[in-house]
1. Using a Förster radius of 30 Å, what is the FRET efficiency between Lys249 and Ser53 based on their Cβ-Cβ separation? Nearest 0.05, please.
2. State the volume of the convex hull built on the alpha-carbon positions of the stretch 95-164, expressed per residue in Å³ and rounded to an integer.
3. Work out the charge dipole of the chain with +1 on the Cβ of Lys and Arg and -1 on the Cβ of Asp and Glu about the Cα centre, then indicate which of Met56, Tyr246, Leu229 is farthest towards its positive end.
4. What is the spin-label model distance, in nm, from Thr92 to Arg114 if the labels are put 7 Å beyond Cα along the C-beta direction?
5. If r is the Cβ-Cβ distance from Lys82 to Glu256 and R0 is 25 Å, what FRET efficiency results, to the nearest 0.05?
6. Using a simple charge model, +1 on the beta-carbon of Lys and Arg, -1 on the beta-carbon of Asp and Glu, nothing else, what dipole does the stretch 95-164 show about its Cα centre, in debye to the nearest 20?
7. So if I place +1 on the C-beta of Lys and Arg and -1 on the C-beta of Asp and Glu, and nothing else carries charge, what would the dipole magnitude of the stretch 122-267 be about its Cα centre? I want it in debye, nearest 20.
8. Under 13 Å from the Cβ of Leu81, count the other residues' Cβ atoms, weight Lys and Arg +1, Asp and Glu -1, and hand me the total.
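All of the numbers you see were taken from the coordinates with simple rules; none came from a lab. Because the structure is predicted, anything quoted here is derived from the model rather than measured. Every residue, glycine among them, receives a Cβ derived from its backbone with ideal geometry; neighbour counts consider all protein chains shown.
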Amino acid sequence: MAGVAAGVHPMVDFKSVDLAYDSTGGNAIEDVTLSIREGEFVAVVGPSGCGKSTFMKLVSGLRPPSRGQVAVDGAEVKGPLKIVGMAFQAPTLLPWRTTMDNLLLPLEIVQPYRANFSKSRAEFEARARGLLKTVGLEGNESKFPWQLSGGMQQRASICRALIHEPKLMLLDEPFGALDAFTREELWCVLRDLWTERKFTVILVTHDLREATFLADTIYVMSKRPGRILVRKENPLPRPRDLEVTYSDKFTDIVLELREHIGRIRKT
């Protein structure tokens, strides 16, 4: 598929990838081929059970493909990657650690940061405070997760995923459990972080409005076994404000995606 200029290796590259979880259950995803360029914001949508989360496991190196090849940043993926940051629907903050200590956790366990953690702690704390300020959590460094709202916890989770400055950010339904107003507020937080830092993003979501607001490119997956059926380049110009979600162009894209998924469900 299109997506990466000639002569430039993609940040993520799938070539005819299948994944079967066991010998009897058939493929979870099948014949997936795509390329994602560095700095691109990609959304993956599709019906429940289509293999969106499986796709993320392949990208991150948590699962090897049964067939085909997965490459990230020009190298074949052969195990968990250090250049990846991940955030999920549940914030998964450790309840016995403060916001600051939760953010610093990846630096305590991931090399090369772990080896220098004690010596560089002040520098790492300054980096964490900068991220917290960017997402509106300045002053909450000493609070525990139970003292934060759901939206605040998710902001902290995103900061934790970015603390080691990953090249690739994987987001698996990160705003799915939040109310509509908080969700849209965090869309803008993520938009601003991405605009500032230009890391590559793969967002898995059921929310077609979310995909349309945030992504450069939207992939629609089929029912299991998941295949890439549609690659939609988002024509909406950047920067995007929430007002664009009320425009006819925005609505047309959402309806087009909905039609694709509706046809998939009827097949």
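1. 0.50
2. Once divided by residue count, the hull of the stretch 95-164 is 76 Å³.
3. Value: Met56.
4. 1.7 nm
5. Calculated value: 0.10.
6. 60 debye
7. It comes to approximately 680 debye.
8. +3
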